[in-house]
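To start, the structure under review is shown below, and the notes come after it.
The values are calculated or read from the model by the stated rules, or taken from the named source; none is laboratory data. Not measured: the values here are computed from a predicted model. Neighbour counts run over all protein chains shown; Cβ positions are idealised from the backbone, glycine included.
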Amino acid sequence: MANPATPWFGSHPSESHIHFLECSGNPGFEAIKGKTASDLVGLVSCAEWTGVRLATVLREAGLKPEARWVVAEGADAAAMTRSIPIEKCLDDALLVYSQNGERLRPQQGYPLRVFLPGFEGNMSVKWLRRLNVSAEPAYSREETAKYTDLMPDGTARQFTFVMEAKSIITRPSGTQRIAQGFHEITGIAWTGRGRIRAVQVTTDGGRSWRDAALQEPVLNRALTRFRLPWTWDGQPTTIASRAIDETGYVQPSFEDLTAVRGLKSFYHNNAVVPWRIAADGEVANGYA
Amino acid sequence: MANPATPWFGSHPSESHIHFLECSGNPGFEAIKGKTASDLVGLVSCAEWTGVRLATVLREAGLKPEARWVVAEGADAAAMTRSIPIEKCLDDALLVYSQNGERLRPQQGYPLRVFLPGFEGNMSVKWLRRLNVSAEPAYSREETAKYTDLMPDGTARQFTFVMEAKSIITRPSGTQRIAQGFHEITGIAWTGRGRIRAVQVTTDGGRSWRDAALQEPVLNRALTRFRLPWTWDGQPTTIASRAIDETGYVQPSFEDLTAVRGLKSFYHNNAVVPWRIAADGEVANGYA
Amino acid sequence: AERFGIGRPATEAEIAAWNIDIDRDGRKLPPGHGSVAHGRAVFEAQCASCHGSRGEGGTGERLAGGQGTLASAKPIKTVGSFWPYAPTLFDYIRRAMPMNAPQSLSDDDVYAVSGYVLHLNGLAPEDAVFDAHSLAAVRMPNRDGFVPDPRPDVKP
Amino acid sequence: AERFGIGRPATEAEIAAWNIDIDRDGRKLPPGHGSVAHGRAVFEAQCASCHGSRGEGGTGERLAGGQGTLASAKPIKTVGSFWPYAPTLFDYIRRAMPMNAPQSLSDDDVYAVSGYVLHLNGLAPEDAVFDAHSLAAVRMPNRDGFVPDPRPDVKP
Ligand code: HEC
Ligand code: HEC
Ligand SMILES: [Ca+2]
Ligand SMILES: [Ca+2]
Ligand SMILES: [Ca+2]
Ligand SMILES: [Ca+2]
Ligand SMILES: [Ca+2]
Ligand SMILES: [Ca+2]
Ligand SMILES: [Co+2]
Ligand SMILES: [Co+2]
């Protein structure tokens with residue numbers, strides 16, 4: 001990483017990939033009462049990222065056998081530091097210089113940032129100034145005091161990197177109002193573990209679930225749109241979606257999730273979001 | 001098509017697809033001497049198009065057995081008219097209202113346009129005001145006097161809809177200048193017949209060809225980036241790419257293409273573009 | 001596949017407002033008629049500024065001449081040399097010309113000026129009058145000049 | 001896979017300029033030392049405005065207290081209650097604090113103020129002096145509070 005300001009395009013073999021990027025606190029466990037879909041899961045984006053595989057750079061540099069982690073450090077005021085397991089570094093980790101076909105904007109980490117598909121967003125260190133290959137993680141403040149998930153027994157889970165499968169119905173959703181008759185229910189689903197296999201939608205408060213259609217192409221670790229035609233009979237009901245990813249993992253209900261993790265883990269809340277539809281067609285958060 | 005100004009989202013089942021859209025005269029047979037990659041094949045784009053399948057609309061309306069063509073008419077000053085074979089209409093033809101996630105811009109056919117994946121761009125009628133289902137094509141001026149390909153024997157090919165496989169190296173390309181040493185050759189390939197299967201690159205003026213890497217996802221009827229690492233030894237040479245699509249079709253040389261079609265067919269020129277690299281690293285059109 | 005019951009039938013009035021397309025055989029040509037002589041007047045007044053008074057030499061496309069050039073090294077494609085169907089001339093002029101005021105001509109004027117363009121190409125006598133029947137009856141020189149697309153046609 | 005021969009080794013000077021990360025065991029801690037007493041002075045001057053003079057009640061994060069609350073319904077996570085390794089305190093303060101002027105403190109001052117934050121948490125006596133050896137020797141109360149990620153953990 002001697003000179004990251006050198007334009008990398010052309011001088012390094014590059015790839016482009018469409019991936020989501022999500023804050024691990026999207027939403028926090030307290031924020032689950034948000035009014036709109038954006039209140040609840042607005043801290044996710046999906047873009048085409050272009051750059052060099054970290055594996056290519058590490059191969060050019062040469063790795064010692066004891067290399068187990070790569071510590072990435074930003075050039076921001078806090079010199080943000082996160083440790084990346086070597087398996088991820090040699091798999092799909094990227095050093096990116098472009099987003100959606102244009103050079104990174106300053107806010108997105110110009111000139112170079114780490115991009116870790118499917119991992120919590122904080123690890124995709126911006127303004128990258130240094131990669132330090134080591135036998136141990138840094139145990140930096142951001143991977144001890146922060147970005148660890150406190151459990152009801154007082155222990156905290158550490159190195160919780162992958163963002164698990166999530167989905168939300170964006171239409172109809174909170175603060176919208178619908179009329180009786182034909183509607184196309186639609187929303188987005190994603191998983192840090194690969195591709196979305198299916199999204200199931202309930203229109204009767206969870207009694208029955210139907211497979212939604214997935215918009216092709218269903219990409220690895222990318223937002224995936226789903227759609228289901230539906231005719232609303234005008235009766236109050238609750239609609240919700242749940243994502244199932246290629247590992248078979250099923251997006252849990254908030255009740256099931258918090259039964260295991262309590263309400264204080266802050267990060268990695270991927271619970272189902274139910275939308276309640278009133279007789280007048282008003283749509284509201286089913287948890288609120 | 002009674003009221004195309006009605007907002008369609010939500011009231012019709014929609015899909016989004018990433019496809020290229022290309023002018024059938026990209027490039028003309030005279031324009032083959034252009035200086036830059038953009039001079040040669042700049043009349044192509046790739047975007048995500050969102051809308052309703054034409055098949056869905058036709059199914060709702062009901063088709064008679066003698067329905068063989070759908071004549072699309074625009075609300076532009078010339079009321080542009082093109083005939084679409086019913087097979088395409090019932091396959092992947094779309095009526096689109098959004099491009100790249102935002103409503104169509106006026107220049108792109110707001111409020112609604114036809115989108116025919118892989119077909120010559122002129123047929124994706126903008127500002128759509130009418131679809132007329134019929135037993136025959138309209139034989140409109142745009143499908144007789146224009147958009148027909150004149151052959152050396154004076155006959156003209158008609159209903160030449162599909163844009164055949166094409167590719168071009170965009171880096172290094174005409175008017176650029178390279179230094180001796182490592183380069184990543186990169187460019188784009190596409191085919192109206194489905195997916196790109198392979199792109200082969202020559203760096204020795206056509207004596208040998210190597211498979212380039214294709215950027216995933218390789219989408220149906222979409223621009224596909226290819227890349228090949230290459231070390232230039234500083235000797236003058238010619239580089240070029242040729243696309244092979246999933247039907248096995250191979251992008252032809254300009255010589256092979258014009259041997260069959262002559263120089264006056266104007267449309268549907270998909271010949272290989274060779275770039276000549278001089279001793280000083282200047283890159284120029286190999287045909288010029 | 002599923003039917004959703006969306007949409008409604010277009011009304012007769014809605015269809016009529018936009019129902020202007022003419023088939024190649026001219027069966028959809030409207031009532032009305034116009035002479036080559038009147039067509040010359042319309043052309044001089046509304047077309048010649050772009051197309052030249054004899055249908056060539058203006059900024060608009062060349063409309064006359066070129067017969068017999070299609071198989072040559074310098075093919076000239078015009079209404080007379082290239083267009084296969086005369087009713088398409090009515091269709092196109094009515095919908096798209098004059099370029100500065102499309103769909104402003106009466107059907108009679110379109111018949112007349114279509115006739116004049118045919119006349120400029122030696123395909124109608126000075127004293128001809130065109131209507132649905134006579135325009136459909138014109139046999140264009142390049143009527144049989146079109147062949148279906150044989151692609152893929154270039155073998156590697 | 002193929003090697004392309006791109007890039008060059010970083011120089012010693014380039015590495016030294018950015019080589020500030022400290023491991024949890026403190027082996028990478030730099031020379032230097034600082035007393036809790038001096039730390040109090042640094043803290044009052046440069047930290048208390050955000051964190052409060054006793055490490056709580058300011059706009060910055062709470063730095064002291066909360067021990068024994070982690071398993072409760074209102075867990076309070078601070079350096080004293082939650083942080084597993086004392087050397088990380090040196091690392092974080094040196095790289096990121098004071099927030100308005102990060103990386104402005106001398107290593108001696110960072111030792112001193114780290115010591116003072118430990119003192120505020122009852123983890124260092126009033127008269128302690130910290131250096132690489134003594135800071136690495138502090139055993140944080142929540143040292144063993146972290147467990148590996150067991151997900152997927154919620155069964156449908
Ligand atoms: C303001 C300029 C202008 C005027 C006035 C005009 N035209 Fe045109 N005309 C054009 C242009 C430009 C084109 C080519 C349009 C295109 O390709 O989309 C054209 C195309 C045509 C064509 C098609 C030629 C071909 O082979 O495809 C015909 C026929 C035609 N005009 C007839 C007329 C007639 C008849 C009038 C008068 C009633 C008229 N034009 C008035 C500019 C004009
Ligand atoms: C201008 C305000 C400000 C000043 C001055 C300031 N801090 Fe902070 N401090 C913060 C904020 C805000 C945070 C939280 C930062 C974050 O989460 O990214 C923080 C976080 C911290 C933390 C981490 C707490 C945790 O549990 O994660 C420590 C330790 C800390 N500061 C120590 C200090 C010390 C020591 C000084 C003086 C040398 C100092 N701070 C000066 C605002 C300040
Ligand atoms: Ca590149
Ligand atoms: Ca651009
Ligand atoms: Ca975490
Ligand atoms: Ca829709
Ligand atoms: Ca937007
Ligand atoms: Ca054509
Ligand atoms: Co965040
Ligand atoms: Co064009």
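The condition of being of a type outside the set (S, T, N, Q) and within 8 Å of chain B (Cβ to nearest Cβ) holds for only one of C:PRO141, C:PRO98, C:PRO75, that being C:PRO75.
Restricting to segment C:11-31, count the residues that are surrounded by fewer than 16 Cβ atoms within 10 Å (Cβ to Cβ) and either within 16 Å of ligand 6 (Cβ to nearest atom) or small (Gly, Ala, Ser) (or both). Of the residues in that region, 3 qualify. Scoring B:ILE84 on the criteria (1) under 24 Å from B:ALA165 (Cβ atoms); (2) within 16 Å of ligand 10 (Cβ to nearest atom) leaves a single failure, condition (2).
Of all the listed residues (A:ARG82, A:ARG129, A:ARG141), the sole one being under 17 Å from A:LEU21 (Cβ atoms) and modelled with pLDDT of 95 or more is A:ARG82. Considering only residues of segment C:84-102 that are free of Cβ contacts under 8 Å to residues at least 12 places away in the same chain and under 16 Å from the mean Cα position of the chain (by Cα), which is farthest from ligand 6 (Cβ to nearest atom)? Residue satisfying both the conditions and the ranking: C:TYR92.
For (1) at positive phi; (2) part of a loop (DSSP other than H, G, I, E, B); (3) charged (D, E, K, R), each residue gets a yes or a no:
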position: B:ARG157; (1), (2), (3): no, no, yes
position: B:GLY174; (1), (2), (3): no, yes, no
position: B:THR186; (1), (2), (3): no, no, no
position: B:GLY194; (1), (2), (3): yes, yes, no
position: B:VAL201; (1), (2), (3): no, no, no
position: B:ARG207; (1), (2), (3): no, yes, yes
position: B:ALA222; (1), (2), (3): no, yes, no
position: B:GLN235; (1), (2), (3): no, yes, no
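If you filter segment B:174-209 down to residues that are within 16 Å of ligand 3 (Cβ to nearest atom) and surrounded by fewer than 23 Cβ atoms within 10 Å (Cβ to Cβ), you find that the one that is farthest from the other protein chains (Cβ to nearest Cβ) is B:VAL201. Of the helices (runs of 4 or more DSSP H) lying entirely inside segment A:36-117, the ones with 2 or more residues being under 26 Å from A:GLY187 (Cα atoms) are found at A:37-41. Given the condition farther than 23 Å from D:THR88 by Cβ, hydroxyl-bearing (Ser, Thr, Tyr), more than 11 Å from chain D (Cβ to nearest Cβ) and in a strand (DSSP E or B), answer yes or no: does some residue in segment A:13-33 qualify? Within segment A:13-33 (the criterion being farther than 23 Å from D:THR88 by Cβ, hydroxyl-bearing (Ser, Thr, Tyr), more than 11 Å from chain D (Cβ to nearest Cβ) and in a strand (DSSP E or B)), the answer is yes, since at least one residue qualifies.
For every residue, the table says whether it meets (1) surrounded by fewer than 20 Cβ atoms within 10 Å (Cβ to Cβ); (2) away from every other protein chain (no Cβ under 12 Å); (3) not hydroxyl-bearing (Ser, Thr, Tyr).
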position: A:CYS46; (1), (2), (3): yes, no, yes
position: A:THR81; (1), (2), (3): no, no, no
position: A:VAL96; (1), (2), (3): no, yes, yes
position: A:GLY109; (1), (2), (3): no, yes, yes
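For A:PRO252, the criteria (1) touching a strand residue (DSSP E or B) at 6+ places or on another chain (Cβ under 7 Å); (2) crowded, with 18+ Cβ neighbours inside 10 Å hold in every case but one, which is (1). Look at A:GLU216 and say whether it is within 13 Å of another protein chain (Cβ to nearest Cβ), within 26 Å of B:ASN220 (Cβ to Cβ) and assigned to a loop (DSSP other than H, G, I, E, B). When the stated conditions are applied, A:GLU216 passes them.
Of the residues that make up segment D:17-28, is at least one in a helix (DSSP H, G or I) and at pLDDT below 95? Among the residues of segment D:17-28, at least one is in a helix (DSSP H, G or I) and at pLDDT below 95, which makes the answer yes. For segment A:135-142, state whether one or more residues are outside any loop (DSSP other than H, G, I, E, B), over 16 Å from the mean Cα position of the chain (by Cα), crowded, with 20+ Cβ neighbours inside 10 Å and within 16 Å of ligand 2 (Cβ to nearest atom). Yes - at least one qualifying residue is present in segment A:135-142. Taking residues in segment A:121-136 that are facing another protein chain (nearest Cβ under 10 Å) and closer than 12 Å to A:PRO111 by Cα, and partners anywhere that are surrounded by fewer than 17 Cβ atoms within 10 Å (Cβ to Cβ) and modelled with pLDDT under 95, the pairs with Cβ atoms closer than 8 Å and at least 6 places apart or on different chains are A:ARG129/D:TRP18.
In segment C:1-16, the residues that are at the interface with chain B (Cβ under 7 Å from one of its Cβ atoms) reach residues that are among the basic types (Lys, Arg) and outside any loop (DSSP other than H, G, I, E, B) with C-beta atoms within less than 7 angstrom, at least six apart or across chains, in these pairs: C:ALA1/B:ARG59; C:ARG3/B:ARG59. From B:GLU136, B:GLU184, B:GLU142, B:GLU120, grab the single residue that is closer than 26 Å to A:GLY101 by Cα, away from ligand 9 (no atom under 16 Å from the Cβ) and outside the structural domain of B:VAL218 (by TED's automatic domain parsing). From the options B:GLU136, B:GLU184, B:GLU142, B:GLU120, the qualifying one is B:GLU120.
Criterion first (within 14 Å of chain B (Cβ to nearest Cβ), in contact (Cβ under 8 Å) with a residue 40 or more places away in the chain, surrounded by fewer than 21 Cβ atoms within 10 Å (Cβ to Cβ) and away from ligand 9 (no atom under 16 Å from the Cβ)) does C:GLN67 satisfy it? The answer is yes for C:GLN67.
Let's see how each residue does on (1) more than 16 Å from the chain's Cα centre (by Cα); (2) over 14 Å from C:MET99 (Cα atoms):
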site: C:PRO31; (1), (2): yes, yes
site: C:CYS47; (1), (2): no, no
site: C:SER72; (1), (2): yes, yes
site: C:ILE76; (1), (2): yes, yes
site: C:PHE82; (1), (2): no, yes
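Selection of segment A:237-266 for residues being in a loop (DSSP other than H, G, I, E, B), within 11 Å of another protein chain (Cβ to nearest Cβ) and not basic (Lys, Arg) yields A:THR247, A:GLY248, A:TYR249, A:GLN251, A:PRO252, A:SER253, A:GLY262, A:LEU263, A:SER265, A:PHE266.
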